[in-house]
Amino acid sequence: MRAVVTVIGKDMVGILSKVSGACAEANANVIEVTQSVLQDMFAMIMLVDITDLKLPFDQFAAKIDEIGQEMNLSTHVMHEDIFNSMHHI
């Protein structure tokens, strides 16, 4: 199972570190990351393997949201099943 994590906000030191650290703590393996800085705006999309997650998915999503609130970023975690359902024609 996988999840998509998105992070958007004002660029600052430590965004990738905080989010990937939370993934590591939850045993969510980061499979792929893409990030861009557009002027002073940071945008990142991560694909993470949540097969062996140490905590319930909703708690993992809440932890990422908590980091976003602390750093004044917009964050979102979406389970792959939801993502696929939304994009299935």
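The numbered conditions (1) within 19 Å of Met1 (Cβ to Cβ); (2) exposed (fewer than 12 other Cβ atoms within 10 Å of the Cβ) are all true for Ser17 except (1).
Residues in region 28-38 include none that are under 16 Å from His76 (Cβ atoms) and in contact with a Lys or Arg (Cβ under 8 Å, 6 or more places away or on another chain). Criterion applied to Ile67, Ile82 was being touching a residue at least 40 places away in the same chain (Cβ under 8 Å) and hydrophobic (A, V, I, L, M, F, W, C), and the one residue passing it is Ile67. Select from region 20-40 the residues that are closer than 25 Å to Asp81 by Cβ and surrounded by 12 or more Cβ atoms within 10 Å (Cβ to Cβ) and list them in ascending order. Correct list: Ser20, Ala22, Cys23, Glu25, Ala26, Asn27, Ala28, Asn29, Val30, Val33, Gln35. When Thr51 is tested against (1) part of a helix (DSSP H, G or I); (2) loosely packed, with under 15 Cβ neighbours inside 10 Å, only condition (1) is not met.
Where a number appears in this text, it was derived from the coordinates with a stated rule and is not lab data. The model shown is predicted, which means the values in this text are computed figures rather than measured ones. As a convention, Cβ positions derive from the backbone with ideal geometry for all residues, glycine included, and neighbour counts pool all protein chains shown.
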